[in-house]
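Okay, structure first, notes after.
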Amino acid sequence: MRIYHSYYLTTCKIKTLFLQYKSDSCQVYSTLIQKMTKLLILPFLLVGCFSYGQKTDSISKIIIAYGISHNSWGNPGVYGRGETIELSSISDGNYKITRYIKTTASAGDDGKTFHKDTTNLSTKSFGIIAKEKIHHWLTQLNTNKNNINSSFIKPRIKVPTRNEIFLVAKKYDLLSELKGVDADRADTRKAIGQIQNFSKLDSFLISQVPCNEYEIIVVDAYNKLKIQTINNKDTTEYQCPFYDPLGQPIFRYDKRDFRTDKKVCNLEANTSAQSFLPRHSMISKVLDIGNIKELYIKWYLEKNMYK
């Protein structure tokens, strides 16, 4: 009986020690997990502050302005159009469109007098924009991503119709390339099928949308999107030139210091902006990835027919 009792006590002690060891191990493991979680969360918190020099929560106003114009060369008529959308932070941290302006620049009948007409549009119909959408968009503006490729673009653009392809061919005087002097209907159907399948789209993107260190300088025309993010202390400006399709690369100027810039290539900056911009606005339309379709059709007809 004593032997059994002693054995029982010993067994209980062993179990107690084991459970204590297990508890201590779990506590150590739990502490390690907590520390690792803090370390993993910290970089994500810092991204909102240091990736583009401003804390997202401190941005009180965002001004998005797009303009396209050309030299009137003394000719009467409209030579420039523009649009400005202003977003303001509200009490709960979300945003609202507080100003929406359209502008038109034109030359008089003599081609020497110039007029600028400004129209203030009502913003009452626009709803609240969730701060998460704005923060996501700002993150994309400051993050390089390798997504200027067919795998990203193809799912986001509509397949061109047969009529669209013929209209582009006619616009650029390429009907002969599409039909061919001696081409039969089978050749035409094959070419249309290849274009609708976006054949060689990656080659087109490499040649037409170069995201590199060079910037195109244009002296007699303007086609640019500007974004200003404003807080109490400073303003960061982003510029997206649309002389190349899709407005890439994006140039960032911290504190509006135009002596130095930082460049980013990321088409999600386009798509994420469209999630909160008025759908029929000039700005939303110019950001649309589908704008490359016409240039792609033209490029394909010029470079790839009968080769």
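The values are calculated or read from the model by the stated rules, or taken from the named source; none is laboratory data. This structure is a prediction, so every number in the text was calculated from the model and none was measured. Glycine also receives a Cβ, built like all others from the backbone with ideal geometry; neighbour counts cover every protein chain displayed.
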Here the residues within the range 105-139 that are modelled with pLDDT of 95 or more, in contact with a Lys or Arg (Cβ under 9 Å, 6 or more places away or on another chain) and polar (S, T, N, Q) are Thr118, Thr119, Asn120, Thr123
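Matching residues to (1) closer than 30 Å to Lys124 by Cβ; (2) basic (Lys, Arg); (3) loosely packed, with under 13 Cβ neighbours inside 10 Å; (4) modelled with pLDDT under 95:
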site	(1), (2), (3), (4)
Gln34	no, no, yes, yes
Leu40	no, no, yes, yes
Glu83	yes, no, no, no
Ser89	yes, no, no, no
Lys96	yes, yes, no, no
Please enumerate the residues belonging to the range 244-269 that are assigned to a loop (DSSP other than H, G, I, E, B) and either modelled with pLDDT of 95 or more or touching a Cys at 6+ places or on another chain (Cβ under 6 Å) (or both). Gln248, Pro249, Cys265, Asn266, Leu267
Matching option when the condition is hydrophobic (A, V, I, L, M, F, W, C), modelled with pLDDT under 95 and either under 18 Å from Asn291 (Cα atoms) or not in a helix (DSSP H, G or I) (or both), among Val168, Val181: Val181
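Conditions tested, residue by residue: (1) surrounded by fewer than 13 Cβ atoms within 10 Å (Cβ to Cβ); (2) closer than 30 Å to Lys55 by Cα.
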residue	(1), (2)
Gln140	no, yes
Pro155	yes, no
Asn163	yes, no
Lys171	yes, no
Ser176	yes, no
Lys179	no, no
Ala186	yes, no
Ile192	no, no
Cβ contacts < 8 Å: first residue within 18 Å of Pro155 (Cβ to Cβ), restricted to the range 194-208; second residue small (Gly, Ala, Ser), any location; separation 6+ or different chain. Result? Phe198/Ser150; Leu201/Ser150; Asp202/Ser150; Leu205/Ser150
Quick check on my filter: what residues within the range 57-78 are in a strand (DSSP E or B) and farther than 10 Å from Lys226 by Cα? Lys61, Ile62, Ile68, Ser69, His70, Gly77, Val78
Residues of the range 273-298 being free of Cβ contacts under 8 Å to residues at least 12 places away in the same chain and surrounded by fewer than 19 Cβ atoms within 10 Å (Cβ to Cβ), which ones? Arg279, His280, Lys285
